[in-house]
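FYI, it's all coordinate maths here, none of it is from the lab. Please read these numbers as outputs of a predicted model, since none were measured by experiment. Here the Cβ positions follow ideal geometry from the backbone for every residue, glycine too, while neighbour counts run over all protein chains shown.
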Amino acid sequence: MASFGHFDDTAKEYVITRPDTPRPWSNYLGSTEYGAIITNNAGGYSFYKSGATGRFLRMRFNSIPLDQPGRYFYLRDNESQDYWSSSWQPVAKPLNKYKSTCRHGLAYSIISSEYAGIETEATYFVPIGQTFEYWRLKVTNRSKRSRQLSLFTYCEFANLWDTYQDLVNLQYSQFITRATMEDGILGVTCNPHYDFDGKDLAGCARSWMALTGAPLVGYETVRERFLGIYGGYASPDVVVKGQCSNFLAEGDNVCGSLQANISLEPGETREVIVLLGIGTVGSHGRKTVAEFGNPKRCALEFDKLKQTWHAPLESLQIETPDQDLNHMINVWNAYNALITFAWSRSASLIYNGERDGLGFRDTVQDMLGAIPLLREGVKPRLELMLTGQLANGGAIPVIKPFTHRPGHEKAPPLEEYRSDDCLWFFNAVPAYVAETGDIKFYDKVLPYADKGKATVFAHLRRALEFNLERTGRHGLPCGLAADWNDCIRLGYKGESVFVAFQVRLGLDVYADIADKLGKADEASWARKTLKALDKKIQKVCWDGEWFIWAIGQDGTIYGTKNFSEGQVYMNTQVWAIISGAATPDQTKRALRTMKKRLATPYGVMLCAPPFIKADREIMKATLFNSGIKENAGIFSHTQSWGVMAECLQGNGDQAYEYYRAFMPSAYNDRAELRQVEPYVHCQTTYSKFNHNEGVSRVPWLSGTASWAYYSATHWLLGVRPEIDGLRIDPCIPKNWPSFTMNRHFRGNKISIEVRNPSGICRGVKILTVDGETVSGCVIPAGQLKNNSKVLAVLG
Ligand code: GLC
């Protein structure tokens, strides 16, 4: 087992030292305005706002390799006629002669190479607030003789600015493309039928590309001419020959190859800058090149980018005895949470952009990771999601951020409601209020998606009522189209135990909020309702050693000793505990069962054994191969709930063991096993029920990023904002002697030190703020000042 790179926390980078990673390892550039993906071999694509309908830079999905084409620099030695690329792929020179390093940073990547005495360093980023990308290339001659090199850029423009149309609409899209050259700037039109007023870039279907720092000596704008009809990215015709043909595309696939010839004396470095953006040469290109097309400005923009992205990370920094955890929380998990918050499930190497809406439940959960980092910055998104709730309390399953019109949306047909959607508000909304102290947020009036409006507090009540008004034979909430688990369709007649626990938690949280708002009637309604629900839960949901999963429409009980497939289900064990429904005895047994039946070295399986024969109409997981995703796979998203359930019992060692099992950085030295990026979370890992045990899939965009960040910072490390102040209640491994956390809280920077002299997991014995003792574990907000020092001693 090998490692392909290491974490550099000082630079806030992950450094890939071997380019032949088990899969392409990717990163994000840009913003939600101008989005871009790049891999360690410079593969990837770009899009304006929507990966689906704003796609302008092409990458062909699910090919081999998984990440071509992208943003390439080809180099050619005009004496030897040898050629290579500044990233290992696509030319792929033998690795005993070619050295490559990729530094993935926050919203930038730097790919360096050393080959045949020539060093290159390519820096890719989108400057803050701009709609173009920089590819800055530094070329250094490390050999002892002068060198004559030709340099060729390469990328492909997606036809029709549409990821799907680019693949299928060939009889049309390839006859309307056009390339122009104006003042040495390449102009690309891929749909002349879209009018472009020079301003509104949405769907403008026009791009431009320029190279500065060396004279332009040629260009190639048709893919087939550059690569050759039977050529490929590894050996493009033009590079082999060393000369572009200066042909302007009028049809076919437009590519962006700009050629420069440079001669380098020994030790000499040359810097060329490629700018690639959207709009026309006249509307954006010329101006941008004039203003940004020089090394000084490029360096300035790069510094600004780093400062902007590094700033939110300063919100929470830790130093624990576990370096792997430090890498994740201080840099990568935080960044992963921000990226997931930004892009939801739309664009990655797996999600090809076609899903550009915000899945309701995912987006509300994504908030949890972003709240400590962005604070008030998440408010617009939170409000958007609240306006995705319908007047009946349910939700539109997918919010279309570009066209969403609160008050005017159509309610979905009955069979499309998910039973869990709005219940996630009980995690996100209180977390937002606790972080910011903005208790008035509960009084804010927001429209429902279809009709009417109400305060945020009333939105929360409607969320509970939606499920309380839709119950099955045993009085538990109906499962509807899905209940977090997309693979369970219980409908109106089946009942979801998971949602029963969510409702229980919701009622509990609602009662607490009502207390704070002085709404005694609401609090007592919630507590009364909770009591009644508890009775039903206790009557039907306990199976003796664990909680059942669900009740099907025909009365079949899933997740019970009497049903051989999916006998034990993780979610109901941990949510019984998180929601407070489980008795102490049930808690002990449920956690014991989970460990015995579901825990593996790579994480806790969602259920076991896998489904094979179960009713497909209800248990859709049957369709998946055994041991992956919802069919007895290790679902990363849920791992943090296991951690939280253990923390609630004070089992720091167990919680930490579960956490490390799915923590990407813990696999850095055996990255081949997991295959995907060791610096980001993923959706799922194959379990022992599959030959691929340990292999992970779907990196970056998953609810895991948010929950993993939240469970580590708020539960393991135990620093939890509450309306009244900051709770300090860590639950750590016994053998940790101490840890520190520097955290922003309501405008103040606070440093927290936790000492563990007696080697226990949980229990704060002494708590002081700036030397003054605090009773209990919650430091009143008013007692915290800027630079306050908190000391907590466990014992
Ligand atoms: C995927 C979906 C998420 C769902 C989960 C479990 O992660 O994005 O919405 O809850 O699968 O089915």
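Think of the stretch 350-494 as a dipole: +1 on every Lys or Arg Cβ, -1 on every Asp or Glu Cβ, centred on the Cα centre; then among A434, T471, V378, T471 lies furthest on the positive end.
Packing-based ranking of 120-126, 658-664 yields 658-664, 120-126, ordered from highest to lowest mean Cβ neighbour count within 10 Å. Across the stretch 328-438, the relative contact order, built from alpha-carbon pairs under 8 Å that are at least six residues apart, equals 28 percent. The trypsin sites (Lys or Arg not before Pro) of the stretch 112-153 that meet both conditions, a loop assignment by DSSP and at most 12 other Cβ atoms within 10 Å of the site Cβ, are K144, R145. Please give the net charge around G694, taking every other residue with its beta carbon less than 10 angstrom from that of G694, where Lys and Arg add +1 and Asp and Glu add -1. Net local charge, G694 excluded: +1.
For the stretch 1-79, the list of GluC sites (Glu not before Pro) that fall in a loop by DSSP and count at most 11 other C-beta atoms within 10 angstrom reads E79.
Here is how the number arises for the chain: DSSP H runs of 4 or more residues each give -39500 (n - 2.57), the sum is divided by the residue count, and the result at 222 nm is -8000 deg cm²/dmol. The charge dipole of the stretch 1-101, taken about its Cα centre with unit charges on the Cβ atoms of Lys, Arg (+1), Asp and Glu (-1) only, comes to about 320 debye.
Angle of helix 295-313 to the longest C-alpha principal axis of the chain, folded into 0 to 90 degrees and rounded to 10: 10°. Comparing Q553, L368, L95 along the charge dipole axis of the chain, the residue lying farthest to the positive side is Q553, per the Cβ-charge model. Under the convention that each Lys and Arg Cβ holds +1 and each Asp and Glu Cβ holds -1, the size of the dipole of the stretch 468-510 around its Cα centre is about 160 debye.
Note: relative contact order over the chain, using C-alpha pairs below 8 Å and six or more positions apart, is 10 percent. In this Cβ point-charge picture (+1 for Lys and Arg, -1 for Asp and Glu), the chain has a dipole of about 1040 debye about its Cα centre.
For the residue pairs K410/K451; K749/K785; K535/K561; K99/K138, alpha carbon separations beyond 19 Å are given by K535/K561. The order of the peptides 244-253, 401-410, 678-687 by mean Cβ neighbours within 10 Å, most packed first, is 678-687, 244-253, 401-410.
Considering only N352, G703, Y164, and ranking their Cα positions along the charge dipole of the chain that arises from unit charges at the beta-carbon of Lys, Arg, Asp and Glu, the one farthest toward the positive end is G703. If I fit a long axis through the Cα atoms of helix 636-648 and take the longest principal axis of the Cα atoms of the chain, what angle between them do I get, 0 to 90°, rounded to 10? With rounding to tens, the tilt is 40 degrees. Annotation: aspartates and glutamates with alpha-carbon distance below 14 angstrom to K588 (same-chain offsets under eight excluded): D543, E545, E646. Karplus-based coupling profile of the stretch 393-408, in residue order and whole Hz: x, x, 9, 6, x, 10, 9, 8, x, 7, 10, 4, 10, x, x, 10, with θ = phi - 60° in 6.51 cos²θ - 1.76 cosθ + 1.60 and x standing for Gly or Pro. Near T280, once Lys and Arg are set to +1 and Asp and Glu to -1 for all other residues with Cβ below 14 Å from its Cβ, the sum equals 0. Are there chymotrypsin sites (Phe, Trp or Tyr not before Pro) in the stretch 438-477 that DSSP puts in a loop and that have at most 12 other Cβ atoms within 10 Å, and which ones? Here no loop site has a sparse enough neighbourhood.
The share of Cα pairs per 20 Å bin across the chain, counted from zero up to the longest distance, runs 16, 46, 31, 8, 0 percent. Between 0 and 90 degrees, the angle of helix 497-517 with respect to the longest Cα principal axis of the chain falls at about 80 degrees. Among the listed pairs K595/K688; K629/K688; K12/K93; K400/K440, a Cα-Cα separation exceeding 18 Å is found for K12/K93; K400/K440.
Only lysines eight or more places from K536 in sequence, or on another chain, were considered; those with a Cα closer than 19 Å are K493, K528. Relative contact order of the stretch 380-445, taken over Cα pairs closer than 8 Å and 6 or more residues apart, is 29 percent.
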